[in-house]
Amino acid sequence: VHDKQEQYRLLIESHDRLGHKGFYATRRTLGDRFWWPSIDFDVRWIIDTCHQCQIQSLEHVVMPPTVQVPAPLFRKAYIDTMHMPPSHAYNSQSNGIVETTHRTVRDGLVKMCAGSIKNWYEYAPYIFWADRVTTRKSTGMTPYYAVHGVEPLHPFDITEATFLASSITHHLSDAELLAARARMLQKRDEDLANIHDRVLAARYASIRDFETKNANRIHDYNFGPGELVLVLNKKIEPDVGRKCKPRYFGPMIVVKRLRSGAYILAEVNGAVSRLKFAAFRLIPYHPRSRKCLEITEFVDPKDLGGVEDADVAGSGAADEGN
């Protein structure tokens, strides 16, 4: 087959009108009957640019977490109001790495209640105290020590006369005890600096481990202005009938990328969306022709206010001035 128009028609017939099959099935259907030099390239192109195949794509972009430099104690406060999905240890988009500690607290409550879970509130203060005086792997010390500069006294410290100070080996006067405690507190600034370095190193180590485990799934397309993208249809995730609905909608046009990593997008008619779209929701769109684009909408424009991503909503204030 030498005629380009005929080749295009055969590609459409073998893919778009025969169940939108993958490369192997489409290539065999054509190859058993026709041939031209660029047939393999053309089959891949017709599949990559198929609108229906793209909006039903199973591709899921994973973004590596960013490293935040630890702020000094009680120097930084956050306040925000946003809608976000329930956060738990296995919801990676809801601060799941942090929430794993909450599961430890919950399990501790269950074990302490010993079958009487309705009395959990009686044990909660003790569980939280135990958690705060337990040494953390990331810092090598307890949260209590990080805040106060000294370790707490447990009942067994008193009964065994440990006092958690190696220099105290005999009965001390009030002045000697105050001097010993003062020496402990003098180390607090040095200890806080060590905590900062250890926490930062632990965060970088966690990032490297995450990138290693997800090396084949991590993509940062870094879309530029004017590029066409598809947006992950997160609204269907809780829907039991989501298998029959498009996984992506669009295409939309990239306007710019914000400092937070989110994108501002526009419709193909030029209308700029007031929403911000997280980078993990976007994949590139490959049109067969820029003169005629097929559009898939997923929601009535009046309902757009409820689909803004929770993970980028809080960054809006910081980006308004840019």
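The values are calculated or read from the model by the stated rules, or taken from the named source; none is laboratory data. Because the structure is predicted, anything quoted here is derived from the model rather than measured. Virtual Cβ from ideal backbone geometry, glycine too; neighbours counted across all protein chains shown.
Table for the structure above
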{"read-out": "Any hit, the stretch 154-169, residues being assigned to a helix (DSSP H, G or I), modelled with pLDDT of 70 or more and either surrounded by 11 or more Cβ atoms within 10 Å (Cβ to Cβ) or of a type outside the set (Lys, Arg) (or both)", "value": "no"}
{"read-out": "Pick from the stretch 1-30, criterion out of contact with any Asp or Glu (no Cβ under 8 Å at 6 or more places or on another chain) and polar (S, T, N, Q), ranking: modelled with the lowest pLDDT", "value": "Thr29"}
{"read-out": "Residues satisfying the stated conditions in the stretch 270-282, i.e. surrounded by fewer than 20 Cβ atoms within 10 Å (Cβ to Cβ) and assigned to a strand (DSSP E or B)", "value": "Val272"}
{"read-out": "Residue satisfying all of: in the stretch 1-49; hydroxyl-bearing (Ser, Thr, Tyr) and not in a loop (DSSP other than H, G, I, E, B); farthest from Pro251 (Cα to Cα) among these", "value": "Thr29"}
{"read-out": "Condition check for Thr142: surrounded by 13 or more Cβ atoms within 10 Å (Cβ to Cβ), without any contact (Cβ under 8 Å) to a residue 60 or more places away in the chain and of a type in the set (S, T, N, Q)", "value": "yes"}
{"read-out": "Residue count for the stretch 100-143, restricted to those that are over 21 Å from Leu200 (Cβ atoms) and assigned to a helix (DSSP H, G or I)", "value": "28"}
{"read-out": "Per-region count, the stretch 255-269, residues surrounded by fewer than 21 Cβ atoms within 10 Å (Cβ to Cβ) and modelled with pLDDT of 85 or more", "value": "7"}
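The rows are residues; the columns are (1) at negative phi; (2) modelled with pLDDT of 70 or more; (3) crowded, with 17+ Cβ neighbours inside 10 Å; (4) of a type in the set (Val, Ile, Thr).
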| residue | (1), (2), (3), (4) |
| --- | --- |
| Asp32 | yes, yes, no, no |
| Cys53 | yes, yes, yes, no |
| Gln56 | yes, yes, no, no |
| Arg75 | yes, no, no, no |
